[in-house]
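Student: Just dropping this structure here.
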Amino acid sequence: MDPLTTLGAALAAAHFGTPLAYYAVAKRWLKTPWRVKPDPAYAPAVTVAIPTYNEARHIEEKLEDIYRQDYPRDRLEIIVVDSASTDDTAERARRWAAAHPDADVKVVEEPQRRGKASALNTALAMARGGVFVITDADCRWSQRDALRRAVSWLADSAVGAVTCLKKPAADGPAGVEAGYRGHYNVLRLAESKKWATPIFHGELAAYKTELLRKIGGFPLDIGADDSHTAAKIAAMGYRAVAAEDLWCVEAVPHNGYHRWRIRRAQHLLQHFLKTPVEEAPPPMRPILLAEKYLHLANPWLLPAAVAALVAAATPPALAVLATGAAALVFRSCRTWTAAQLYLIAAAVKNLRDKELVWEKQDK
Ligand code: GDP
Ligand code: MN
């Protein structure tokens, strides 16, 4: 075979082979025991922080959602931190609080929009709970015991942080969103069983408050505040896990789906660039190494392989390309390819703008 065809085939094999190999390893981790024990009776004081920017459409339903939780109300503090919304989010939250005197709701209005992480730090500074939970205004906890389930894992002294698994509320174009989630939930759980998952979800992430304070709160220089704090807590030697029995429904934007995926990918890349493998405890290192490689480097092998095969234009090169193109009839292949393109676009966009303060998308 000519060298270009060989190069293209080798790049393609590496691009698809590495994640498949990691998935196979993850499936093995998935079969191992947790080695930590949730305690369903554990019910410490909890602070739930809801950062909001223009969430008038969602805030009341969100508060209602938390209010409906079966968690003891006298041990539940809710802090809404609104960053200068141009709609009436804060006013609606205040009105809701006044109408529910049995709920401990504080509404903080920041005079200026400084981003989600800054708002979370404002809430952290005033939180009274031993557990600090963050949640987006535009997602729902469909399980009435979601909070109890999340907190139960923190009863174990080895666990520092807990997050949910995700189900999309709607499917993205060409069935991409649901396919993406199924695969990633397996990875999140497997990594959690091994030690910790470096990807947390803002729909529901619960942390031991003292650990969050110890690491200095949420990072202001990168996005992915949820994941980065969890990875730092894992680096301190604690487990940071996605719980197997905890599901959140995630709002998927009606418009601007691609832009949304790219912005989220930008934040993940920032997080992985800033998370050193060497500082993690030994069982966490293979996880971080794999996820860093899969996010930062592996996506680029795909266009490189295509370019080499196109340039080679030999019959075997064209056969590989045709097979790849035909495989796109399968949803999993479209999902995969889309994710690679989002990561590549995100890396390029990160050079110009980190999107730490982003446009609100309609969900
Ligand atoms: P997505 O879930 O990644 O699409 O991000 P969202 O746009 O839904 O934002 C996540 C949460 O952070 C939502 O509750 C937003 O209202 C909130 N948020 C976003 N930017 C800011 C901000 O600048 N300040 C505050 N306080 N909250 C924000
Ligand atoms: Mn959201």
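Student: Got a sec to turn the phi values of the range 141-154 into Karplus ³J(HN,Hα) couplings, 6.51 cos²θ - 1.76 cosθ + 1.60 with θ = phi - 60°, whole Hz, x for Gly and Pro?
Tutor: Once rounded to whole Hz, the list reads 9, 6, 7, 5, 9, 4, 5, 4, 4, 4, 5, 4, 5, 6.
Student: Turning to a different aspect of this structure: Please work through the chain and write down the cysteines that have no neighbouring cysteine Cβ at a distance under 4.7 Å.
Tutor: Within the chain, the cysteines lacking a partner Cβ under 4.7 Å are Cys139, Cys333.
Student: In whole Å, how far is the Cα centre of the range 1-59 from that of the range 75-146?
Tutor: 28
Student: Now a separate question. Just the Kirkwood number for the chain, please: inverse of mean 1/r across all distinct Cα pairs, in Å, one decimal.
Tutor: Values: mean 1/r = 0.0467 Å⁻¹.
This gives a value of 21.4 Å.
Student: I'd like to check one number: the per residue accessible area of the chain, probe 1.4 Å, reported in Å² as a whole number. It would help to have the intermediate numbers written out before the result.
Tutor: Working: 15190 Å² over 363 residues.
Computed with neighbouring chains in place, this is 42 Å² per residue.
Student: Below 14 angstrom from the Cβ of Tyr22, what's the summed charge of the other residues (Lys, Arg +1; Asp, Glu -1)? Intermediate results must be reported in sequence, preceding the final value.
Tutor: Working: positive: Lys27, Arg28, Arg188, Lys194, Arg285, Lys292; negative: Glu191, Glu291.
Taking every Cβ under 14 Å from that of Tyr22, the sum is +4.
Student: Obtain the nm distance between the two label points defined at Ala84 and Val329 by a simple spin-label model: each point lies 7 Å from its Cα along the Cα-to-C-beta direction.
Tutor: Here the answer is 5.4 nm between the modelled labels.
Student: Return the distance in nm (one decimal) between the two label points of a simple spin-label model at Arg75 and His258, each offset 7 Å from Cα along Cα→Cβ.
Tutor: Here the modelled spin labels are 4.9 nm apart.
Student: Now for a separate question. Return the Cα extents of the range 307-361 along principal axes one, two and three, sorted largest first, each rounded to a whole Å.
Tutor: Between the extreme Cα coordinates on each principal axis of the range 307-361 lie 48, 26, 10 Å.
Student: Based on C-alpha coordinates, I'd like the Rg and Dmax of the range 31-102, in Å.
Tutor: 15.8, 49
Student: From the backbone phi of the range 284-300, what are the Karplus-calculated ³J(HN,Hα) couplings (6.51 cos²θ - 1.76 cosθ + 1.60, θ = phi - 60°) in whole Hz, Gly and Pro given as x?
Tutor: 7, 5, x, 5, 5, 4, 5, 5, 5, 4, 5, 8, 8, 10, 3, x, 5
Student: With the alpha-carbon atoms as the only input, what is the per residue convex hull volume for the range 1-140 in Å³? Walk me through the intermediate numbers first.
Tutor: Details: hull volume 27.1 nm³, N = 140.
Here the figure is 194 Å³ per residue.
Student: On to the next question. Would you list which lysines come within 16 Å of Lys292, measuring only between C-alpha atoms, while excluding same-chain residues fewer than 8 positions from it?
Tutor: The qualifying lysines are Lys232, Lys274.
Student: Protein chains only, probe 1.4 Å: how do Cys333, Cys248 rank by accessible area, largest first?
Tutor: Values: Cys333 45, Cys248 0 Å².
Descending accessible area places them as Cys333, Cys248.
Student: If you don't mind, there's one more thing I want to ask. Sort Ile215, Ile233 by accessible area with a 1.4 Å probe, largest first.
Tutor: Heavy-atom accessible area, descending, gives Ile215, Ile233.
Student: As a test question: what accessible area, to the nearest 10 Å², does Tyr67 have when a 1.4 Å probe is rolled over all protein chains in place?
Tutor: 50
Student: Nearest-5 percent of antiparallel DSSP beta bridges in the chain?
Tutor: Values: 8 of 35 bridges.
Around 25 percent antiparallel, to the nearest 5.
The values are calculated or read from the model by the stated rules, or taken from the named source; none is laboratory data. Just so we're clear, the structure is a prediction, and the values are computed from it rather than from any experiment. Please note: Cβ atoms are built from the backbone with ideal geometry, for glycine as well, and neighbour counts cover all protein chains shown. Calculation scope for accessible area: heavy atoms of the full protein, side chains included, ligands and nucleic acids excluded. Shrake-Rupley method; radii C 1.70, N 1.55, O 1.52, S 1.80 Å.
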